[in-house]
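Report on the structure given below.
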Amino acid sequence: YVTGTSPVNSNTDGDRASDYEEMIADTDGTNSNSYFHVTSITHDSPVSVYFDSSTGRVYAMQGATNLVEGAWTNVPGTGPRAGVGAADSMTDTNEPPAGPFYRVKVQLP
């Protein structure tokens, strides 16, 4: 388990993310205000997704045309790539776009 998190509670700080998800995202599993999330999104073309990144993690923007089917694919040209360690973004400049639904996937390098 991550230092400071509970070995018996899967969500030490009670936020939206489990301790495991917070370890993957490089956020603080003991701080309920620290979890990976999209901070903003532009809805006009081209769509940009904004988030806070870590230099110790790899990110990829994914798109889907239908949420019921759940077929997420990496958006060409948006990664996977290393985070910048601060406010970050990815933009779908493809024609046709990969959306209209988007998410950012976080991985260990």
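Laboratory data are not the source of any read-out in this text; all were calculated from the coordinates shown. Note that this is a predicted model, so its numbers are computed, not measured. Don't worry about glycine lacking a Cβ; one is built from the backbone with ideal geometry, like all the others, and counts go over all protein chains shown.
Worth pointing out:
- Whole-Hz couplings from phi, Karplus 6.51/-1.76/1.60, listed for segment 27-42; x for Gly and Pro: 10, 8, x, 9, 10, 5, 8, 10, 7, 6, 7, 6, 8, 6, 8, 8
- Summarising the amide proton neighbourhood of D26: residues at separation of 5 or more, or on other chains, whose placed amide H is nearer than 5 Å comprise an empty set.
- Projected area averaged over orientations for the chain, convex hull of C-alpha atoms, nm²: 7.4 nm²
- For segment 14-109, size of Cβ-based charge dipole, Lys and Arg +1, Asp and Glu -1, in debye: 180 debye
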